[in-house]
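The values are calculated or read from the model by the stated rules, or taken from the named source; none is laboratory data. A quick note: this is a predicted structure, and the numbers were derived from the prediction, not measured. Don't worry about glycine lacking a Cβ; one is built from the backbone with ideal geometry, like all the others, and counts go over all protein chains shown.
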């Protein structure tokens with residue numbers, strides 16, 4: 001029902017206010033189905049390692065790493081209070097506001113199909129920043145407007161967020177009339193800054209992980225450790241942005257929906273939840289630092305456990321101690337980085353062997369130990385591991401043999 005109302009909200013805004021505008025095309029999702037075969041399980045390390053010397057920048061306690069729909073990589077550099085943007089070649093990107101992404105102690109990151117970058121820093125606030133809005137020329141911004149109430153037959157002034165909230169809650173009596181646009185430089189600059197997307201409803205809350213829903217959706221999930229739960233919010237407009245070429249865009253704010261996961265010790269419950277992840281079907285994955293089952297998968301909607309004790313390797317008691325991050329590869333296999341064991345594990349995630357360990361080979365990633373690993377990402381058959389204890393990112397290529405790697409990537 002909420003999705004229907006949310007669709008109605010966007011329809012109302014576009015039809016009533018911008019019927020002659022072009023709609024922003026969404027980025028094409030980066031989906032690969034490459035497979036090297038069931039027995040090709042070696043992950044060979046790529047060089048150079050992305051350390052301070054290679055980057056030309058002194059990393060300090062890097063935490064999380066993600067890649068956006070356009071191929072840019074974002075890295076939470078906690079000790080420097082900064083989010084770095086990198087190319088796939090390991091070059092730092094400073095254009096479009098990406099060189100000034102400053103936030104206190106960034107910890108976990110997520111990015112959605114609209115290039116909304118979400119950040120947590122163990123505070124009670126989820127922060128956001130939109131990459132696309134920083135890459136375009138903005139003409140004016142509206143935070144409020146006038147609306148005609150067909151029930152009271154009165155014209156009212158309210159913020160865009162208040163109107164969005166009314167529509168999301170089922171009020172269909174408000175008809176947009178006019179937006180209060182401003183071309184003030186400060187108003188335009190505010191759209192380009194890091195801003196609060198959602199603030200916790202309970203005092204003392206601490207947000208750890210964050211993940212966006214599947215491509216094109218508006219759901220965002222946050223893990224919260226003080227009250228041991230996972231929060232689902234929905235993005236709704238709080239500002240309307242008009243570009244110089246007449247395109248209408250939105251800056252979003254989070255609306256609380258529900259807690260799909262609450263405190264407990266069994267499967268489907270949380271105890272100090274940490275990292276979060278969603279797949280293309282909207283299934284939710286999370287790791288936790290307490291409880292019995294420290295890595296879990298929940299089916300979208302019902303939030304029932306996909307894997308159970310004594311049937312699936314991933315649910316073995318004491319398998320993980322500090323699983324700080326999770327990642328999915330292009331084939332849906334699940335990777336877990338555990339700081340206690342200093343290693344990476346890989347699990348099948350479909351078919352008869354779903355939930356069971358998969359081999360990593362006998363060299364490279366399979367035998368590498370990491371000092372205080374905090375983040376993991378898999379993109380185009382390359383596994384990226386954030387080794388916070390050594391202030392570097394290490395990469396491992398999935399290949400049949402080391403001879404398959406380009407000469408520049410082979411270890412001397």
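Across segment 267-279, what is the number of residues that are part of a loop (DSSP other than H, G, I, E, B) and either outside the structural domain of residue 339 (by TED's automatic domain parsing) or within 13 Å of the chain's Cα centre (by Cα) (or both)? Step through it out loud before you land on a result.
To start, the set of residues in segment 267-279 that are part of a loop (DSSP other than H, G, I, E, B) comprises 267-269, 271-272, 279.
In the following step, the residues that additionally are either outside the structural domain of residue 339 (by TED's automatic domain parsing) or within 13 Å of the chain's Cα centre (by Cα) (or both) were identified as 279.
Residues meeting the conditions: 1.
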Point to revise | residue 255 being crowded, with 18+ Cβ neighbours inside 10 Å and under 26 Å from residue 112 (Cα atoms) | key: yes
Check your understanding: What's the number of the condition residue 194 fails, among (1) in contact (Cβ under 8 Å) with a residue 40 or more places away in the chain; (2) surrounded by fewer than 17 Cβ atoms within 10 Å (Cβ to Cβ); (3) within 22 Å of residue 254 (Cβ to Cβ)?
Key -> (2)
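Within segment 168-187, can one find any residue that is crowded, with 16+ Cβ neighbours inside 10 Å and in a loop (DSSP other than H, G, I, E, B)?
Residues of segment 168-187 crowded, with 16+ Cβ neighbours inside 10 Å: 168, 174, 176, 179, 181, 187.
Checking which are in a loop (DSSP other than H, G, I, E, B) leaves us with none.
No, because not a single residue in segment 168-187 is crowded, with 16+ Cβ neighbours inside 10 Å and in a loop (DSSP other than H, G, I, E, B).
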Exercise for review: Restrict the check to segment 121-138 and report whether at least one residue is in contact with a strand residue (DSSP E or B) (Cβ under 8 Å, 6 or more places away or on another chain), exposed (fewer than 15 other Cβ atoms within 10 Å of the Cβ), within 30 Å of residue 180 (Cα to Cα) and not assigned by TED's automatic domain parsing to the domain that holds residue 46.
Suggested key: yes
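Matching residues to (1) out of contact with any strand residue (DSSP E or B) (no Cβ under 7 Å at 6 or more places or on another chain); (2) crowded, with 20+ Cβ neighbours inside 10 Å; (3) modelled with pLDDT of 95 or more:
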residue: 22; (1), (2), (3): yes, no, no
residue: 38; (1), (2), (3): yes, no, no
residue: 54; (1), (2), (3): no, no, yes
residue: 107; (1), (2), (3): no, yes, yes
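Here are 70, 96, 64: which of them is assigned to a loop (DSSP other than H, G, I, E, B) and either within 13 Å of the chain's Cα centre (by Cα) or not assigned by TED's automatic domain parsing to the domain that holds residue 207 (or both)? Before the answer, list the steps.
Working: 96 fails: either within 13 Å of the chain's Cα centre (by Cα) or not assigned by TED's automatic domain parsing to the domain that holds residue 207 (or both); 64 fails: assigned to a loop (DSSP other than H, G, I, E, B).
Result: 70 is the single residue among 70, 96, 64 that is assigned to a loop (DSSP other than H, G, I, E, B) and either within 13 Å of the chain's Cα centre (by Cα) or not assigned by TED's automatic domain parsing to the domain that holds residue 207 (or both).
Determine whether residue 147 is in contact (Cβ under 8 Å) with a residue 40 or more places away in the chain and surrounded by 15 or more Cβ atoms within 10 Å (Cβ to Cβ).
Working: in contact (Cβ under 8 Å) with a residue 40 or more places away in the chain: no; surrounded by 15 or more Cβ atoms within 10 Å (Cβ to Cβ): yes.
When the stated conditions are applied, residue 147 does not pass them.
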Study note, to complete from the structure: Checked pairs for segment 348-372, first at positive phi and touching a residue at least 60 places away in the same chain (Cβ under 8 Å), second surrounded by 12 or more Cβ atoms within 10 Å (Cβ to Cβ) and assigned to a loop (DSSP other than H, G, I, E, B), C-beta under 7 Å and 6 or more apart or across chains, list as 361/41
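Conditions (1) without any contact (Cβ under 8 Å) to a residue 24 or more places away in the chain; (2) within 29 Å of residue 142 (Cα to Cα); (3) buried (at least 21 other Cβ atoms within 10 Å of the Cβ), marked per residue:
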{"residue": "222", "(1), (2), (3)": "no, yes, yes"}
{"residue": "227", "(1), (2), (3)": "no, no, no"}
{"residue": "244", "(1), (2), (3)": "no, yes, no"}
{"residue": "282", "(1), (2), (3)": "no, no, no"}
{"residue": "286", "(1), (2), (3)": "no, no, yes"}
